[in-house]
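To keep things clear, I will list the structure first and then write my remarks on it.
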Amino acid sequence: TALLPITPADTVTEYQISATLSDATEVDFPINLADPWYQLYQGEVTELFCTGFEGEDSTKDWTATGGWEHGAPMGQAGDPAAAYAGSDIFGINLAGTYKPKSSSTLTSPLIPVGDFKKVRLQYRRWLGVEDGIFDQASIVANGQTVWQNAFGDGGSSLNHRDSEWRFHDVDLSPYVKDGAVQVKFEIASDPGLELGGWTLDDVSIVAWDAPACGDGQLDDKEACDEGAANSDTAADACRTS
């Protein structure tokens, strides 16, 4: 066992695992040179939109082009043999790889975020894609690219191969427009090597609301908060300090 440090709310901790097995073999996790860090988000969030892609109705508000399929994973081309949760996922060609010289996109519905200032995409992924020099897997929010697979140095390929369901957090806050956000997952491929592509499960848009003194809510590190009754002069009142 190991303990991770407690960090402030609304932060992402990145970590690795280095293990020595009983036969003295040393292994590092995650096993993915293109993305060698696990992520852990710390903070209480408000769910604005969440789907586990369970059942046919779960995909009716999504727009897919270029080979996206909904259903149970088949374990082909490096893809998972089972969903992260439940039985269904959304992925590119569940029976094999994405196509050469192709473009595939999956677009979420437009999601209102209200007055929240901190908005994040949090989801589970199992992604296989060639080095970013050749094939590009991207996440786009309101027309802006917010994540893309790694690029190698040209001398050796840095293919992205997830070998497990990975939690991935992406800060969408700078890209919210007119009180809403829309997320798109896409892959653009060249004529060469093709891998399994995107496989998605448990996709959520969440918001974090910063604690505030005087909002009447007892937040982390607050001894008390009585809203309008807070006072720095009245006897026995909750102080702003």
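The values are calculated or read from the model by the stated rules, or taken from the named source; none is laboratory data. The structure presented is a predicted model; accordingly, all values stated were derived computationally and were not measured. All Cβ positions, glycine included, derive from the backbone under ideal geometry; neighbour counts span all protein chains shown. Each accessible area value is taken on the protein alone, full model and side chains, heavy atoms only, with ligands, DNA and RNA left out. Shrake-Rupley method; radii C 1.70, N 1.55, O 1.52, S 1.80 Å.
What the table below lists for this structure:
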{"item": "Unmet criterion (only one of (1) assigned to a loop (DSSP other than H, G, I, E, B); (2) within 24 Å of ALA64 (Cα to Cα); (3) under 18 Å from the mean Cα position of the chain (by Cα)) for GLY132", "result": "(3)"}
{"item": "Which listed residue is open to solvent by 30 Å² or more (accessible area, probe 1.4 Å), touching a strand residue (DSSP E or B) at 6+ places or on another chain (Cβ under 6 Å) and acidic (Asp, Glu), from ASP219, ASP209, ASP171", "result": "ASP171"}
{"item": "Leading residue by the ranking (surrounded by the most Cβ atoms within 10 Å (Cβ to Cβ)) among those in segment 135-154 that are more than 26 Å from PHE29 (Cβ to Cβ) and not aliphatic (A, V, I, L, M)", "result": "ASN142"}
{"item": "Top-ranked residue in segment 1-17 [being of a type in the set (A, V, I, L, M) and open to solvent by 90 Å² or more (accessible area, probe 1.4 Å); ranked as farthest from PHE116 (Cα to Cα)]", "result": "ALA2"}
{"item": "Cross-chain or 6+ apart pairs with Cβ under 6 Å, segment 109-126 first and part of a loop (DSSP other than H, G, I, E, B), then of a type in the set (Asp, Glu)", "result": "PRO109/ASP61; TRP126/ASP162"}
{"item": "Test result for GLY154, in a loop (DSSP other than H, G, I, E, B), farther than 16 Å from ASP35 by Cα and of a type outside the set (Val, Ile, Thr)", "result": "yes"}
{"item": "Subset of segment 45-81 [open to solvent by less than 40 Å² (accessible area, probe 1.4 Å) and of a type in the set (A, V, I, L, M, F, W, C)]", "result": "PHE53, TRP62, TRP68"}
{"item": "Where GLY197 falls short, out of the listed (1) open to solvent by 10 Å² or more (accessible area, probe 1.4 Å); (2) touching a Phe, Trp or Tyr at 6+ places or on another chain (Cβ under 8 Å); (3) farther than 19 Å from ARG120 by Cα", "result": "(1)"}
